[in-house]
Amino acid sequence: MEARPAGSGAVDPDDIQKELLGLPGVQAVRVVTSGRGRVTEVHIVANGAKSAKQIVRDVQTVAMAKYGIELDYRVVSVVKFDE
C-alpha cells in the first residue's frame with residue numbers, strides 16, 4: 001500500500017532521510033519514492049535500543065509532524081543489529 005500524503009504530495013527523500021537519521025537508535029535510512037514523489041518504502045537499520053514497532057511509530061510521527069505525510073506502517077521496514 002502506498003503512503004498517502006496529507007500535505008502537499010511530493011517530497012524530497014533526502015530531506016526525510018536526514019530527519020529520520022536523527023531518531024535515537026537509527027543508523028541508516030533509505031526512503032524510496034514513486035515517480036510522482038510519493039513515499040512508497042522506508043528502510044531503517046537500527047540498533048537494539050528500541051523495538052521495531054516503536055521505531056516504525058517514530059518514523060510515522062516524524063513523517064506526519066514535519067512533512068504532513070501519512071505513512072502506513074506496512075511501508076516501513078526495520079532491521080535491528082545488536083551492538
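The values are calculated or read from the model by the stated rules, or taken from the named source; none is laboratory data. What you are looking at is a predicted structure, and each value in this text was computed from that prediction instead of being measured. Counting neighbours? That spans all protein chains shown, and the Cβs are built from the backbone with ideal geometry, glycine included. For accessibility, only protein heavy atoms count, side chains too; no ligands or nucleic acids. Shrake-Rupley method; radii C 1.70, N 1.55, O 1.52, S 1.80 Å.
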Please tell me the relative contact order of the stretch 13-83 in percent, rounded to the nearest whole number, where contacts are Cα pairs under 8 Å and at least six residues apart. 31
Calculate, for Ala49 and Ala10, the FRET efficiency according to 1/(1 + (r/R0)^6) with r their C-beta to C-beta distance and R0 35 Å; round to the nearest 0.05. 0.60
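Stretched out fully, how many nm does the piece from Phe81 to Arg30 gain, at 0.36 nm a residue minus the Cα gap? Write out the running numbers ahead of the final one.
Details: separation 51, 0.36 × 51 = 18.36 nm, distance 1.65 nm.
That works out to 16.7 nm of additional length.
How about the stretch 28-83: which trypsin sites (Lys or Arg not before Pro) there are in a DSSP loop, with at most 14 other Cβ atoms within 10 Å of their Cβ? Working shown, then result.
Working: sites: Arg30, Arg36, Arg38, Lys50, Lys53, Arg57, Lys66, Arg74, Lys80; in loops: Arg36, Arg38, Lys50.
The qualifying sites are Arg36.
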Report the net charge of residues surrounding Tyr73, where surrounding means a beta-carbon distance below 9 angstrom and charges are Lys +1, Arg +1, Asp -1, Glu -1. +2
Helix axis angle, 52-67 relative to the chain longest principal axis, alpha carbon, degrees: 40
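Taking all protein chains in place and a 1.4 Å probe, what share, in percent, of the accessible surface of the stretch 8-80 do carbon and sulfur account for? Walk me through the numbers on the way to the answer.
On the way: 1950 of 3960 Å².
The computed percentage sits at 49.
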Normalised per residue, the volume inside the convex hull of the alpha-carbon atoms of the chain in Å³ amounts to 73
Excluding ligands, DNA and RNA, what is the solvent-accessible area per residue of the chain at a probe of 1.4 Å, expressed in Å²? 59
Please list, in chain and number order, the residues 5+ apart from Thr33 or on another chain whose amide H is under 5 Å from its amide H, with Hs placed from the backbone. Thr40
